[in-house]
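Novice: Let me give you the structure first, and then I'll get to my questions.
Just so it is clear, none of the values below were taken in a lab; they were calculated from the coordinates. Note that the structure is predicted; figures quoted are calculated from it, not measured. Here the Cβ is made from the backbone with ideal geometry for all residues, glycine too, and neighbour counts use every protein chain on show.
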Amino acid sequence: MYHQLNKVSGRLIAATNLQSPLFPVVPIALQRVEPPAIQYTTSHMSTVTESCSTGPRRLVPGTNEPFSPLSPKIRERQERFQKEDEIPVFLKGGPFDGIIYRLTLLLCAAGLVGIGHTIYIHAVPKK
């Protein structure tokens, strides 16, 4: 049974006009609609490979413009970082990466010691 507020007394009374908990909204069944067919070759999806004689080039997403060519320095770094060896990626940058890694470990250890010291100070009362 559903209830409603009486406008005069402000108390809850049995509802007479409520037939469903969604009154006055009635649920409507969803209608099945077939999704549109995907068209892979349309006039607005032209590629640069059709107009360039140099070969296939990758496009910037959402445009018909090709990516700019990579500089040799970036290509060399990509090859160094993607090489399959046993060195973790955060140390492949050279000796400076090793220094930064060890400094980060040192700062984490110092933070843990500081947290432990703070907990000890708050847990043990002063004499």
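Novice: Using 0.36 nm per residue, how much length does the chain from Leu59 to Gln39 gain when fully extended, once their Cα-Cα distance is taken away? Provide the component values of the computation, followed by the final result.
Specialist: On the way: separation 20, 0.36 × 20 = 7.20 nm, distance 1.90 nm.
The Leu59-Gln39 span can extend by a further 5.3 nm.
Novice: Moving on to the next point. Grab the Cα-Cα distance for Ser9 and Glu86, subtract it from 0.36 nm times how many residues apart they are, and report the gain in nm with one decimal.
Specialist: Values: separation 77, 0.36 × 77 = 27.72 nm, distance 7.98 nm.
Result for the pair: 19.7 nm of gain on full extension.
Novice: I would also like to ask the following. Using mean Cβ contacts within 10 Å as the protection proxy, how do 68-77, 92-101 order, highest first?
Specialist: Working: 68-77: 9.8, 92-101: 11.8.
For the peptides 68-77, 92-101, the packing ranking is 92-101, 68-77.
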